[in-house]
Amino acid sequence: MRFIDEYRDQALAQQYVERIKQITTREWTLMEICGGQTHTIVKYGIESLLPETINLVHGPGCPVCVTPLEMIDKAIAIASKSDVIFTSFGDMLRVPGSTQDLLSVKAAGGDIRMVYSPLDAVKIAQQNPSKTVVFFAVGFETTAPANALSVWQAKQSGVRNYSILCSHVLVPPAIEAILSSSSNRVQGFLAAGHVCAVMGYEEYLPLAEKYRVPIVVTGFEPLDILHGTYMAIKQLEEGRVEVENQYSRAVRREGNIPAQKLMRQVFEVTDRHWRGIGEIPSSGFRLRDEFSDFDAEKVFADVATITVQESPDCIAGLVLQGLRKPYECSVFGTKCTPEHPLGAPMVSTEGACAAYIRYKHVPSASAAGGRA
Amino acid sequence: MNTQAPTDIASGLVCPVPLQQYPSVLLAHGSGGKLTQQLIEQLFLPAFRNDLLSPLHDGAVVTINGVRLAFSTDSYVINPIFFPGGDIGELAINGTVNDLAMCGARPLYLSSAMIIEEGFPMEDLARVVRSMQAAAHCAGIQLVTGDTKVVDRGKGDKIFISTSGIGVVPDGIHISPEAARPGDVIIVNGPIAVHGIAIMSVREGLEFETQIESDTAPLNSLVETMLAASDKIHVMRDPTRGGVASALNEIARSAQIGISLVEERIPIPDEVRGACEILGFDPLYVANEGKLLAFVERDQAEKVLQAMRQHPLGTEATIIGEVVDAHAGSVVMKTSIGGSRIVDMLAGEQLPRIC
């Protein structure tokens, strides 16, 4: 398949692996930010190809994982109401709140629909004027423009029965939270290509400078990851600290200006709680006051009071910073499983703990005919 | 006779997720993945356990007066009922025919029970019945008994069909999931994930334009061709719900063998791959109809492949992997870039990812 197979070529992958091996002289710890990248790494067995001295830490860039428990419980409370049609991206439906998940609400009779675009949710609102339609607006800068557009469009076309439950998060503050931790051991970042396609990468320059870490804007195909890893290792080995763009076929330095403009029109920056990590200042979006009619937390004022304590057993914050391996957690695989996760990285298949649960029995690569 | 005490239902819990943690049934309990497995292992199997049921094959093989009969049942609740390349009626015939064929049986007779929702258009019902008639003719079986129920509007979803079937297993044929052994190669008769994507393309909220049509087909004549070519076919399985990944995991667990797949060798049409990329699905977990996986002794593989390729449903038959001594109970795949990963069972329904 064109434009896909080129980025999954085994011979080229081997060449990158060889180059990486050639230039690596010591241990390095890199973090890929985005859950989509983690997915590629796990799906293609990239860690099994890299030298053992390169440690990939799976970062907090999975919107499913980091959406706070409290927000899931609010979603569940809203979705359980009889006059509500609750819409969401597919994989949020399985994320457990403190007692149940959205799929259980659906099983109990809630009208919960999976959509591919928030604009479909606006369409559902137009088709069901007697119902209140709520869209679960989660995600990073990648999903924010479309979610902003849905609100903007609903306002323009006078759709009064549409609102969003907004739990948007932003990447750079999370990187800064990790880097500023005294126990940080991440030495270089693969920045999330699709986030940068929207935002550009100028906002990463001061981070690289201040914390002396290479940041490589990286795509999502296996060769992208290997190429990005090569670029980051090369910088580290040469003692350079730069923001480089591996994903130049999609990312421009300034990003997508019209999308940024729309986001700024609809959203403003706010403090945000990250599941498993805690509060990070200025790390999210909320709706601006002029769009408060479309804010589900205001439409359903009763959910605003919902507060939840996360499990004290979960060491997600340490895992996401690469300070602990998932299996070093006391509840790993026992009280905390993919079916009943206590913390963020066990939630999505992209999360580090879930990945370790699924792949912990990975046999030696030779038995699988793997490592070439 | 097996008289299990009721407490066995609770004491038989081996999985980290006890059944009691689900106060009600979720869709994922019917997805063919882990939760379905749990339901079977923790509720159904303890209640009904016997030597014929326990292998959890697509059908049971019972011996009556020296004649081995394969017996199987399945329900069809597909939405939408008419889809590109087929409909619920055709599926209801082919599905049960195929379950029998996967036991190595020659399917003979089917029953059909219909649960119809009040208000269902008579014209649609006639269309479904005509298509069942054509499928039965094509598979060479007879529908010999049936039942009809109508439920209140809103209490069903248009039409549900349940079919059961019996067939005769010829002498010398012994096919079952536990028969897989190291050295077997794994053959698939053609491109995978086609049916699931065809259904997805017309499902509400997901509609996308595509030429992809369901691959639903009766596999009994292909199976006959294969069995005529070699008596060293150990396992056959049609990877329907849950896809190739779930079917292979079930076999790996049941036979306690390791399965090694080679990603590059798994045939997936470009259109299906494209749709999976866009939707965030893994084709290994997408449903198939009209596809089978066969575990064949290595030195017979070429003979079986040649025979399959002469058959219209096997022209693209190919080897996708093998049975190995290592990693018993699990499926490991060599990925297209040369890495390796475990191909697990699906934890719930396959849901589109955000990122």
For B:S340, distant residues with modelled amide H under 5 Å away: A:S48, B:T335
Compactness relative to 2.2 N^0.38 Å, alpha carbon Rg of segment A:97-212: 1.39
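Would you work out the charge dipole size for chain A about its Cα centre, treating the Cβ of every Lys and Arg as +1 and the Cβ of every Asp and Glu as -1, and quote it to the nearest 20 debye? Show your work: numbers first, answer last.
Working: 36 positive and 41 negative charges, 84 e Å.
Using Cβ point charges on Lys, Arg, Asp and Glu, chain A gives about 400 debye.
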Within straight-line cross-link reach of A:K210, lysines at Cα separation under 30 Å, skipping those fewer than 8 residues along the same chain: A:K21, A:K234, A:K261, A:K325
Mean projected area in nm² (Cα convex hull; one quarter of hull surface) for chain A: 19.1 nm²
10 Å-binned pair-distance histogram of segment B:217-355 (Cα, whole percent): 11, 40, 37, 11, 1
Average Cα contact separation per residue, chain B, under 8 Å, 6 or more apart, as relative contact order %: 21 percent
Max mean-square fluctuation residue, GNM over chain B, Cα-Cα springs under 10 Å, options B:G314, B:G66, B:G183: B:G66
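Per DSSP helix of 4 or more residues, -39500 (n - 2.57); summed, then divided by the residues of chain A. What does that give at 222 nm, rounded to the nearest 500? The partial results should precede the final answer.
On the way: 16 runs with 139 residues, N = 372.
Theoretical 222 nm ellipticity from helices: -10500 deg cm²/dmol.
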Whole-percent pair-distance distribution, where bins are 10 Å wide, for the alpha carbons of segment A:41-132: 14, 36, 24, 15, 9, 2
Accessible surface, 1.4 Å probe, highest first, among residues B:D231, B:D157: B:D231, B:D157
As computed over segment B:66-170, the Cα convex hull volume per residue (Å³): 94 Å³
Of every Cα-Cα pair in the protein assembly as shown, the percent that sits beyond 52 Å: 13 percent
Overall dimensions of segment A:1-91 by Cα: Rg and Dmax, Å: 19.6, 62
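Calculate what fraction, in whole %, of the accessible area of chain A sits on carbon and sulfur atoms when a 1.4 Å probe is rolled over the protein chains.
Carbon with sulfur: 50 percent of the solvent-accessible area.
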P(r) of segment B:266-336 over all Cα-Cα pairs, binned every 10 Å from zero, in whole percent: 15, 41, 35, 9, 0
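Which value in deg cm²/dmol, rounded to the nearest 500, describes the helix-derived mean residue ellipticity at 222 nm for chain B, given -39,500 (n - 2.57) per DSSP H run of n ≥ 4 and division by the residue count?
Numbers: 10 runs with 95 residues, N = 355.
The helix contribution divided over chain B gives -7500 deg cm²/dmol.
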Accessible area of A:K335 in the full protein assembly, 1.4 Å probe (Å², nearest 10): 120 Å²
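Just the projected area, averaged over all directions, of the convex hull on the alpha carbon atoms of chain B: how many nm²?
On the way: hull surface 77.4 nm².
Approximately 19.3 nm², given one-decimal rounding.
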Most mobile of A:D111, A:D224, A:D295 in a GNM of chain A (Cα contacts under 10 Å): A:D111
Chain pair B, A: total accessible area buried, heavy atoms, 1.4 Å probe, Å²: 4000 Å²
Exposure of B:I233 as accessible area (Å², to 10), given a probe of 1.4 Å and all protein chains: 10 Å²
Accessible area, probe 1.4 Å, largest first, for residues B:H137, A:H58: B:H137, A:H58
Gaussian network model of chain A, springs between alpha carbon atoms under 10 Å - residue of A:E310, A:E209, A:E141 with greatest fluctuation: A:E209
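Order the following by accessible area, largest value first: A:F135, B:F71. Probe radius 1.4 Å; ligands, DNA and RNA are ignored. Could you put the intermediate results ahead of the total?
Working: A:F135 0, B:F71 110 Å².
Order by accessible area, largest first: B:F71, A:F135.
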Accessible-area value, B:E271, 1.4 Å probe, nucleic acids and ligands omitted, Å²: 90 Å²
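Report the rotationally averaged projected area of segment A:169-214 based on its alpha-carbon convex hull, in square nanometres.
Result: a mean projected hull area of 3.2 nm².
The values are calculated or read from the model by the stated rules, or taken from the named source; none is laboratory data. Everything numeric here is computed off the predicted structure, so don't read it as measured data. Positions of Cβ are backbone-derived with ideal geometry, glycine not excepted, and every protein chain shown enters the neighbour counts. Remember, those area values only see protein heavy atoms, side chains included, never the ligands or the DNA or RNA. Shrake-Rupley method; radii C 1.70, N 1.55, O 1.52, S 1.80 Å.
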